[in-house]
Amino acid sequence: MKKITLYILFIISNIGIAQNGFETWNKNYTFINPIEVIQSEINYAKKIEKDTIQSQYYVSAQKYRFVAEFTGNERNISQEKIQSMANVVSLKFGRKDFITYEIVNSEFEFLIDNIKVWMPIQTVLKTSFQGEIPKGHKVLLYTLFLNEHTMEGVLNNNFFISEFTNNWE
């Protein structure tokens, strides 16, 4: 009986390993065009700013995936961007200390439809990303889109990189 149980466990584990490890990610992260999302957010912000009766402050958080070309450029993330991301995470998920400089301290630049977009990346992913994705290569990014519109009319759109793969086709 023990041999049969071990054999069944062996077969199940091999089936699990053979499946695409990103199937669950794909189900949870909607495939989008990030430029269209940003433009939609800009249009929405303009609409909100015209209506002085409505609150000018709002946040949103969505899980998105999309393909982008890595330019190879990196920069330190600003404290203002970290604060904006932390505000959204705090309001949407109740996690006040989740976004810190230890969790995210830099951004990578990507080309999407010939438009340059800077995206924060989790510190724990940085080394593996740089080792796996060469400059000029396309990558499938899994991001948490953190959107904040301040009372002063500042719109912060951040695609926070949660995972990536160069093997999606």
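The values are calculated or read from the model by the stated rules, or taken from the named source; none is laboratory data. Fair warning: this is a prediction, and the values are worked out from it, not measured in the lab. Cβ coordinates were reconstructed from backbone atoms using ideal geometry, including for glycine residues, and neighbour counts include every protein chain displayed.
Data overview
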read-out: Single residue of region 79-130 satisfying the filter (small (Gly, Ala, Ser) and within 14 Å of LEU146 (Cβ to Cβ)) that is surrounded by the fewest Cβ atoms within 10 Å (Cβ to Cβ); value: SER90
read-out: Flag for ILE42 being loosely packed, with under 14 Cβ neighbours inside 10 Å, at pLDDT below 80, assigned to a helix (DSSP H, G or I) and of a type outside the set (Lys, Arg); value: no
read-out: Region 65-95, subset among the basic types (Lys, Arg) and over 22 Å from VAL154 (Cα atoms), residue modelled with the highest pLDDT; value: ARG65
read-out: Selection count where residues are within 17 Å of the chain's Cα centre (by Cα), surrounded by fewer than 16 Cβ atoms within 10 Å (Cβ to Cβ) and among the polar types (S, T, N, Q), scope region 146-169; value: 1
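Residues checked against (1) assigned to a strand (DSSP E or B); (2) over 24 Å from THR24 (Cβ atoms); (3) at pLDDT 95 or above; (4) polar (S, T, N, Q):
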position: ASP97; (1), (2), (3), (4): no, yes, no, no
position: VAL104; (1), (2), (3), (4): no, no, yes, no
position: MET119; (1), (2), (3), (4): yes, no, yes, no
position: LYS126; (1), (2), (3), (4): no, no, yes, no
position: PHE129; (1), (2), (3), (4): no, no, yes, no
position: TYR142; (1), (2), (3), (4): yes, no, yes, no
position: ASN157; (1), (2), (3), (4): yes, yes, yes, yes
position: PHE160; (1), (2), (3), (4): yes, no, yes, no
